[in-house]
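Since the structure comes first, as structure tokens, the remarks are kept for the end.
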Amino acid sequence: MSDQVGTITWISGPVVRARGSRHVGMLELVEVGADHLVGEVIGLKGDQMTIQVYEETAGMQTGAPIYGTGLPLSVELGPGLIQSIYDGVQRPLPLIEQAMGSFINRGAHFDSISREKKWKFTPKVKVGDAVKGGAVLGVVMETETFEHRVMLNPDDHGTITWVAPVGEYTVADPIAKLKMGKEEKTVTMLQRWPVRRARPFTNRRPANIPLITGQRILDTFFPVAKGGAAGIPGPFGSGKTVTQHSIAKWADAEIIVYIGCGERGNEMTEVLQEFPHLVDPRTGRPLMERTVLIANTSNMPVAAREASIYTGITIAEYYRDMGYHVALMADSTSRWAEALREVSGRLEEMPAEEGYPAYLAGRLAEFYERAGYVNNLNDTQGSVSIVGAVSPPGGDFSEPVTQHTKRFIRCFWALDKSLASARHFPAINWLDSYSEYLEDVGAWWREKTGKDWLTMRNRAMELLSEESRLSQIVKLVGPDALPYTERMVLETTRLIREGLLQQNATETVDAFSSVEKQIRMLELVLYFHERGMAIVKRGAPINLIHDLPVVDTIIRAKSTVTNEELHKFDDIQKQIDQQMGQLDAEYRS
Amino acid sequence: MSEVTVQGGQEVVGVARIEGPILVVEGGTNVSYDEVVEIQDSRGQLRRGRVLEVGEGYAVIQAFAGSTGLSIDGTRVRFLGTTLHIPVAEEMLGRIFDGLGNPIDGGPEPLTDHYADINGQPINPTARIYPRDYIQTGISTIDGVNTLLRGQKLPLFSGAGMPHDQLAAQIVRQATLGKVAGAPQTEGEEFAIVFAAMGVKNDVAEYFRRSFTESGALTRVAMFLNLADDPPVERIVTPRAALTLAEYLAYEREMHVLVVLTDMTNYGEALRQISNVRGEVPSRKGYPGYLYSDLASMYERTGRIRTSKGSITQIPILTMPNDDITHPMPDLTGYITEGQIVLGRELNFAGIYPPVAVLPSLSRLMKDGIGKNRTRDDHPRWGAQLYAAYARTQDVRALASVIGEEELSDVDQKYLKFGRAFEREFVNQSFTENRTIERTLEIGWKLLSILPRKELTRVTLDEIAIYYKGDDAAN
């Protein structure tokens, strides 16, 4: 399948030029040099083609051959993706390790999906059925609990002429035959899909169900909807990766695609070693059984880093097409943008801001627009939610990647270095962050918890912004100068900050808060505030409120009350009633 | 790591263009990208270089020792047909090399048939072992609140005139495999040390050499020296040569290796210089757009792999120009490394050693190397509590500078007292003081006991009952 189509004339890092452009197409996958390194055609001019190479080019010579494949850069889709760990161009890292040892060598060629493993296929169509693209032909249990729906390629349609009976098949075995016009086509469980082309769907649905992450600052204060897009920008050390890991662990999606894009090797290893031992609270199965990992660490070839984002999103869309909710984490999109910049620089393109190519914004938009809650071609509904980390140089949010990202997301979780320095985690600044999904998901909360979440949430935000104003005054004149009513606000916001917003990802009880626990905690803090305020207004000194033993109890509730023991909050509320009641009685007269 | 035989390749006489350390050579055939060349000037002097770009009939070459004395006609360039390799052997410990890996201590070439590519190869993430064993450095600000693990990369961010060299020397001298608090201590000779100097003054290199000699570690140290007056372009190779040896020692000889790289800022400048001469599009402050990937290609050569008991731990030192932590060098380093130890100018003025600015410092891997069965159960929460209290101290100090200390509330007064004691007793320790982990924990609890117990919301009530010794311990 691969014939020589050209010869190399120029090499500089990951960019190679070659003669022979007549024989290849734009964005075609090619093999470069005698080692058959993977590359992609990114420019054609006269007889010259420009190729970005996904592997290290050291040692390559001019005059070396280029082989064409006739295919665009694609991923393999089918059962066996779950629990895999791939590099940026979907090569399975465990197989590379088996074949080459601990270090990644060049020229590795492996099937992304095992051709040997057999899956138990159960057909869902019969001979004579007319099927269109995306139709579910049958199902396979990909893990013990996950049903993989084998779909017809979205571009195909026709009439079923043969379907395999229930049985064990590999992804290469025929499972159906289809009459398309005049020709008959054999269908397997394996599909190839070009990574740079979004998989089609029927139409978009409104995104009005929150993606529950178990993180209070996110779910309660800045929710993202299923099918939405969120950005987490922050300087180094502010906890982007920890937040991404927490979402990957606890988000209520059926599939998680985690892209480690130009980040640390040890972090990917942490995920690999930890996820098989963590249990998904919803299915009771290891978290790894819903996870696909793409690891293109910072020292792996830079062009493959550029591709990794597309590889990940295409896999996410494939599971969405089956009717599942998929959450995709990209850590970090800045490294992906830098890969674009590096390749653009080697091509000597005219730079726009800070050396980034002018098409940066366009590429970011294309990526984030692949998120969505949709009606699929096969009449199921599924979603892809994107959570993209951004690493602004120097923590300066005015840089191009952060600014352009803000245009294409609707939920912004701004990480703050000073909060991180005080070990307030997650270090998401509540005054700089926003979510445009608040109104959209309000109805869901009401239905789920029976409580008016949005009003309570807005009340808490009001107090927090009041605190920010008051703390300006405190910085100038000290807290004693404030009236008791205002100091009551500071007491309550301390409870909100330490009891609600701070969450310890490493502590078993605190790591995940159910929606019910979150709303109950919010309710309790606001209740404390209303009661306290009434007493203070009658003239009780603020330190009496500050010294109430229940204050400490409320702050510690996040790690003392588990998701199953919510009745304990009733006890805490009783303590508030009792302790405040005494004060109330004293100052009533 | 592959073995190569260096063959005499083709030779080209005369170069087409010379610009700074960059040469353009025409007429070579079958030149490989990243190939090593030997450059001979008209007087027969040899220097080495590397191919940066190849086109049809020409190659762009970077001369490591610069281009001084080279002429258009009289220069001969010989292509060696391989990428840059250095010999690696256990015998290299105890030896001193130049920035390209040639011995400069008067001794012979290392006797080995093992040559390794200085660029190394990326470790497959699936082949790594996640770091979990902590290294006791005997320094409270590191062991207590920014714990270093075997296989971690933890840089020192410093500034001109601050004692980063002393701190690095102290870490190297005292480093031993961490034990559970209370377990008997062992004197560690567990680490081999690979030291790389890029563009530092001779005094600094000498300081480290003396310090290694005094602690008796010299036989376990391999030094790669590119000093301030050595060719800047060589600096691109120095850390890679050092890491290549470290990888051999760690992954083939199963040793635990500590790598000290100083000063990465000089490395960055050398990289910028070459990028500049080549006319590449700069990103921030003139540094090339690939600075992140380039730094990562070195920092990521840290860690542990499943097939070896050894490990590589990196302590890069970098001086922040103008103490600016947002400068591209510290900034991009911080994004790649697993935390950072930041030295603070104010603490240094106050005579506190080591002047570790605790709040901006961080060890990302700390959480996985401490706590129950590793140091002590309360350690993680104790650390968070110290951080939170010291952060609050900064707010109180700001307030006190406006309204005066007398006007502060009782609680705030106690925070001030805590802050002072924290800096004098916890952060401050002598250059020779080697604190055990339980001593560090004990000092921390003593300081926390200055505060009212109600303020301690990060530690558990049980821990307060055991360790808290403050005035209101009873209630």
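Which one of these does A:Gly228 not meet: (1) open to solvent by 10 Å² or more (accessible area, probe 1.4 Å); (2) within 27 Å of A:Asn376 (Cβ to Cβ); (3) modelled with pLDDT of 90 or more?
(1)
Of all residues in segment B:117-140, count the ones that are assigned to a helix (DSSP H, G or I), touching a strand residue (DSSP E or B) at 6+ places or on another chain (Cβ under 8 Å) and more than 14 Å from every other protein chain (Cβ to nearest Cβ).
Going through segment B:117-140 one residue at a time, the tally reaches 0.
Condition first: aliphatic (A, V, I, L, M) and over 25 Å from the mean Cα position of the chain (by Cα). Now tell me which residues in segment A:133-165 satisfy that.
Listed by number, the residues that qualify are A:Ala135, A:Val136, A:Leu137, A:Val139, A:Val140, A:Leu152, A:Ile160, A:Val163, A:Ala164.
When you scan segment A:347-361, do you find a residue that is more than 26 Å from A:Ile11 (Cβ to Cβ), among the hydroxyl-bearing types (Ser, Thr, Tyr) and away from chain B (no Cβ under 14 Å), even just one?
Checking segment A:347-361: not a single residue is more than 26 Å from A:Ile11 (Cβ to Cβ), among the hydroxyl-bearing types (Ser, Thr, Tyr) and away from chain B (no Cβ under 14 Å).
Within segment A:457-479, track down each residue that is under 14 Å from A:Pro223 (Cα atoms) and surrounded by 15 or more Cβ atoms within 10 Å (Cβ to Cβ).
A:Arg457, A:Met461
Looking only at segment A:1-13, which residues are at the interface with another protein chain (Cβ under 10 Å from one of its Cβ atoms) and either surrounded by fewer than 19 Cβ atoms within 10 Å (Cβ to Cβ) or within 37 Å of the chain's Cα centre (by Cα) (or both)?
Across segment A:1-13, the qualifying residues are A:Thr7, A:Trp10, A:Ile11, A:Ser12, A:Gly13.
Restricting attention to segment B:199-215, does a residue exist that is more than 30 Å from B:Pro122 (Cβ to Cβ), in contact with a helix residue (DSSP H, G or I) (Cβ under 8 Å, 6 or more places away or on another chain), open to solvent by less than 10 Å² (accessible area, probe 1.4 Å) and of a type in the set (A, V, I, L, M)?
No, because not a single residue in segment B:199-215 is more than 30 Å from B:Pro122 (Cβ to Cβ), in contact with a helix residue (DSSP H, G or I) (Cβ under 8 Å, 6 or more places away or on another chain), open to solvent by less than 10 Å² (accessible area, probe 1.4 Å) and of a type in the set (A, V, I, L, M).
Can you give me the number of residues within segment B:254-277 that are surrounded by fewer than 17 Cβ atoms within 10 Å (Cβ to Cβ) and not β-branched (Val, Ile, Thr)?
Here the count works out to 2.
Suppose we keep only residues that are under 24 Å from A:Val15 (Cα atoms) and free of Cβ contacts under 8 Å to residues at least 60 places away in the same chain within segment B:54-94. Which one would you say is surrounded by the most Cβ atoms within 10 Å (Cβ to Cβ)?
Here the residue is B:Val54.
What number of residues within segment A:25-35 satisfy the criterion of being at pLDDT 90 or above and either exposed (fewer than 15 other Cβ atoms within 10 Å of the Cβ) or assigned to a loop (DSSP other than H, G, I, E, B) (or both)?
Within segment A:25-35, residues that are at pLDDT 90 or above and either exposed (fewer than 15 other Cβ atoms within 10 Å of the Cβ) or assigned to a loop (DSSP other than H, G, I, E, B) (or both) number 1.
Does segment A:196-211 hold any residues that are surrounded by fewer than 24 Cβ atoms within 10 Å (Cβ to Cβ) and within 22 Å of A:Val390 (Cα to Cα), and which are they?
Correct list: A:Arg196 only.
With respect to A:Pro286, determine if the residue is at pLDDT below 90, within 30 Å of A:Asn375 (Cα to Cα) and more than 14 Å from chain B (Cβ to nearest Cβ).
In short, no.
List every residue pair whose Cβ atoms lie under 6 Å apart, where the two residues are 6 or more positions apart in sequence or sit on different chains, the first residue falls within segment A:521-537 and is over 17 Å from A:Glu498 (Cβ atoms), and the second residue, located anywhere, is modelled with pLDDT of 95 or more and open to solvent by less than 10 Å² (accessible area, probe 1.4 Å).
Note: pairs meeting the criteria are A:Met533/A:Met488; A:Val536/A:Met488.
I'd like the residue in segment A:166-193 that is assigned to a strand (DSSP E or B) and of a type in the set (S, T, N, Q) and, out of all such residues, is farthest from A:Leu77 (Cα to Cα).
Top of the filtered list is A:Thr186.
Which one is nearest to B:Ser293 (Cα to Cα), of the residues in segment A:341-399 that are among the hydrophobic types (A, V, I, L, M, F, W, C) and part of a helix (DSSP H, G or I)?
Per the criteria, the residue is A:Val343.
List the strands (runs of 3 or more DSSP E) that sit entirely inside segment A:102-165 and contain at least 3 residues that are open to solvent by 40 Å² or more (accessible area, probe 1.4 Å) and free of Cβ contacts under 8 Å to residues at least 40 places away in the same chain.
Because the criterion is at least 3 residues that are open to solvent by 40 Å² or more (accessible area, probe 1.4 Å) and free of Cβ contacts under 8 Å to residues at least 40 places away in the same chain, the strands (runs of 3 or more DSSP E) in segment A:102-165 that meet it are A:158-163.
Here are some residues: A:Ala330, A:Ala352, A:Ala365. Which one is farther than 21 Å from A:Arg204 by Cα, of a type in the set (A, V, I, L, M) and surrounded by fewer than 24 Cβ atoms within 10 Å (Cβ to Cβ)?
Just a single option satisfies the conditions, and that option is A:Ala352.
Taking A:Tyr67, is it modelled with pLDDT under 90 and more than 11 Å from every other protein chain (Cβ to nearest Cβ)?
In short, no.
Give the residues of segment A:65-83 that are crowded, with 20+ Cβ neighbours inside 10 Å and small (Gly, Ala, Ser), sorted by residue number.
The answer is A:Gly68, A:Ser74, A:Gly78, A:Gly80.
Taking segment B:309-362 on its own, how many of its residues are farther than 18 Å from B:Thr265 by Cβ, within 13 Å of another protein chain (Cβ to nearest Cβ) and open to solvent by less than 10 Å² (accessible area, probe 1.4 Å)?
8
Take residues that are farther than 22 Å from A:Asn504 by Cα, among the polar types (S, T, N, Q) and within 14 Å of chain A (Cβ to nearest Cβ) and tell me which of the helices (runs of 4 or more DSSP H) falling wholly in segment B:377-449 contain 1 or more.
B:379-403, B:410-421
The values are calculated or read from the model by the stated rules, or taken from the named source; none is laboratory data. What you see is a predicted model; the values in this text were computed from it and never measured. Every residue, glycine as well, gets a Cβ built from its backbone with ideal geometry; the counts of neighbours run over all protein chains shown. To get the accessible areas, we keep the full protein, side chains included, count just its heavy atoms, and leave off ligands, DNA and RNA. Shrake-Rupley method; radii C 1.70, N 1.55, O 1.52, S 1.80 Å.
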